[in-house]
Amino acid sequence: MRSVTYKLPSIHCRHCVHTINMEISEIEGVRSVEADLDTLSATISFEAPATEEKIIEALKAIGYPPELT
């Protein structure tokens, strides 16, 4: 299993956190999602068939594109 933290600067309320948690957790292979309003980030643990590319595309699709470094 792999765990990645994404910086999500467009998070601005608890509804954002809830949306991210619910939508990303529906991706097959995602084991946990912990979006955080204080750090404007989300830590996602996943395994195949989930990939970083699928997660990033899903975040973009729901309006929370990750800040890539």
Among the numbered conditions (1) touching a helix residue (DSSP H, G or I) at 6+ places or on another chain (Cβ under 8 Å); (2) not in a loop (DSSP other than H, G, I, E, B), tell me where P65 comes up short.
-> (2)
Could you tell me whether region 7-28 includes any residue that is of a type in the set (D, E), surrounded by fewer than 13 Cβ atoms within 10 Å (Cβ to Cβ) and modelled with pLDDT of 95 or more?
-> yes
Is there a residue in region 10-25 that is over 10 Å from the mean Cα position of the chain (by Cα), more than 15 Å from E67 (Cβ to Cβ) and assigned to a strand (DSSP E or B)?
-> no
Just one listed residue, out of I55, I62, is among the aliphatic types (A, V, I, L, M) and within 11 Å of V4 (Cβ to Cβ), and it is I55
Starting from residues that are of a type outside the set (D, E) and in a strand (DSSP E or B), keep the ones in region 26-39 and report whichever is nearest to Y64 (Cα to Cα).
-> A35
Note: among R2, R31, just one is surrounded by 13 or more Cβ atoms within 10 Å (Cβ to Cβ) and touching a residue at least 40 places away in the same chain (Cβ under 8 Å), namely R2
Of the residues A50, A42, which is part of a loop (DSSP other than H, G, I, E, B), surrounded by 13 or more Cβ atoms within 10 Å (Cβ to Cβ) and either touching a residue at least 12 places away in the same chain (Cβ under 8 Å) or among the charged types (D, E, K, R) (or both)?
-> A50
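The values are calculated or read from the model by the stated rules, or taken from the named source; none is laboratory data. The model shown is predicted, which means the values in this text are computed figures rather than measured ones. Note that each Cβ is placed from the backbone with ideal geometry, even for glycine, and that neighbours are counted across all protein chains shown.
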